[in-house]
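A short write-up of the structure that comes next.
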């Protein structure tokens, strides 16, 4: 699979799906919907635990995957953004981590295989979504105690490894470490991936996607785009890129920074603009596709998709634009 997707990346731009959370909001699931029959008497509130819906509302998750594949996505992400024991602690569901990730991967793979059987010449891939967790290893959450850390590298490594093992068992084709706001967190995930690869004697492609949090052009832990690239380039990545926090136009300068400096493929899945006063995203599919076309004109991208606020309509518009351009050359002369 690694060779195959790498070959395809040199032939055409691949399209990643859009936002899972944005689509789930349209269902207006209640606390009872999140619980389902199995968790109806669970001790903690469960509304908002979107990963749990892979168990309690699997048909909704399948429907969302199908909508994105019909829209033109080549890669769909598993519903596992918060699928670590660290993130699941908020719902007292640490013991469900394996099942949540395994079932999410299995669901996504099942839907991808439906499309692959109908269109074998247009393979669809499943990316195991690995989020940043809700803790940071590089910074203190307490301004009065700057030396304090709410999580350690070892905590993160153990948590990520459990998630990764379940995703691999569930049949994902690649792993996507995304929305990286702290590179130390990401390194724990990458270390865990390398551990699993070595222990199982397998190869699995890795996508890595950071997030630039504001106009300073840095991640939350303070790295510039170039520093982020340099600090993870020792890992054999399939792609490196950025997602979330910014709209397509604001993300472009950071892609321009790293594109001449790496032979990794580059990915981006920006938000549908910046959120309005109500936390909603107003950018239309056409507006977003027009901005993303600038990436393609400048030969910046190999994989393109959408993050917060994006829907199948956005992915359709993006996929239509992407068809008209060749992917970024992976044999660039890297500038130091």
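One residue alone among 98, 68 is modelled with pLDDT of 95 or more, under 30 Å from residue 148 (Cα atoms) and either in a loop (DSSP other than H, G, I, E, B) or touching a helix residue (DSSP H, G or I) at 6+ places or on another chain (Cβ under 6 Å) (or both), and that residue is 98. Among the listed residues 104, 140, 117, which satisfies the condition of being at negative phi, assigned to a helix (DSSP H, G or I) and surrounded by fewer than 16 Cβ atoms within 10 Å (Cβ to Cβ)? The match here is 117. Taking the criterion of being farther than 19 Å from residue 75 by Cβ and either crowded, with 20+ Cβ neighbours inside 10 Å or touching a residue at least 40 places away in the same chain (Cβ under 8 Å) (or both), the residues of the range 286-308 that qualify are 291, 294, 298, 299. With a requirement of 1 or more residues that are farther than 30 Å from residue 171 by Cβ, the strands (runs of 3 or more DSSP E) lying completely within the range 187-285 that satisfy it span 239-247. Residues being closer than 22 Å to residue 17 by Cα and assigned to a helix (DSSP H, G or I) are entirely absent from the range 77-91. With respect to residue 127, is the statement that it is part of a helix (DSSP H, G or I), modelled with pLDDT of 95 or more and touching a strand residue (DSSP E or B) at 6+ places or on another chain (Cβ under 8 Å) true? No.
Within the range 19-41, the set of residues being free of Cβ contacts under 8 Å to residues at least 40 places away in the same chain and not in a helix (DSSP H, G or I) comprises 26, 27, 28, 29, 30, 36, 37, 38, 39, 40, 41.
The set of residues in the range 120-137 being without any contact (Cβ under 8 Å) to a residue 24 or more places away in the chain and either surrounded by 17 or more Cβ atoms within 10 Å (Cβ to Cβ) or under 21 Å from the mean Cα position of the chain (by Cα) (or both) is empty.
Only residues that are in contact (Cβ under 8 Å) with a residue 60 or more places away in the chain and closer than 20 Å to residue 6 by Cβ were counted across the range 178-190, and they come to 1.
Restricted to the range 191-210, and to residues that are within 14 Å of the chain's Cα centre (by Cα) and free of Cβ contacts under 8 Å to residues at least 60 places away in the same chain, which residue is surrounded by the most Cβ atoms within 10 Å (Cβ to Cβ)? Out of the qualifying residues, it is 210.
The rows are residues; the columns are (1) out of contact with any strand residue (DSSP E or B) (no Cβ under 9 Å at 6 or more places or on another chain); (2) surrounded by 14 or more Cβ atoms within 10 Å (Cβ to Cβ).
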{"position": "5", "(1), (2)": "no, yes"}
{"position": "11", "(1), (2)": "yes, no"}
{"position": "14", "(1), (2)": "no, yes"}
{"position": "19", "(1), (2)": "no, yes"}
{"position": "23", "(1), (2)": "yes, yes"}
{"position": "32", "(1), (2)": "yes, no"}
{"position": "40", "(1), (2)": "yes, no"}
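Just one of the listed residues (162, 150) is without any contact (Cβ under 8 Å) to a residue 24 or more places away in the chain and either farther than 18 Å from residue 228 by Cβ or in contact with a helix residue (DSSP H, G or I) (Cβ under 6 Å, 6 or more places away or on another chain) (or both), namely 150. It is to be established whether one or more residues within the range 316-326 are under 20 Å from residue 262 (Cβ atoms), touching a strand residue (DSSP E or B) at 6+ places or on another chain (Cβ under 8 Å) and buried (at least 16 other Cβ atoms within 10 Å of the Cβ). No: zero hits. Residue-level check: of (1) surrounded by fewer than 22 Cβ atoms within 10 Å (Cβ to Cβ); (2) closer than 20 Å to residue 129 by Cα, residue 219 misses just (1).
The values are calculated or read from the model by the stated rules, or taken from the named source; none is laboratory data. Keep in mind that this is a model prediction, so the values were computed, not measured. No Cβ is skipped: glycine too gets one built from the backbone with ideal geometry, and neighbour counts run over all protein chains shown.
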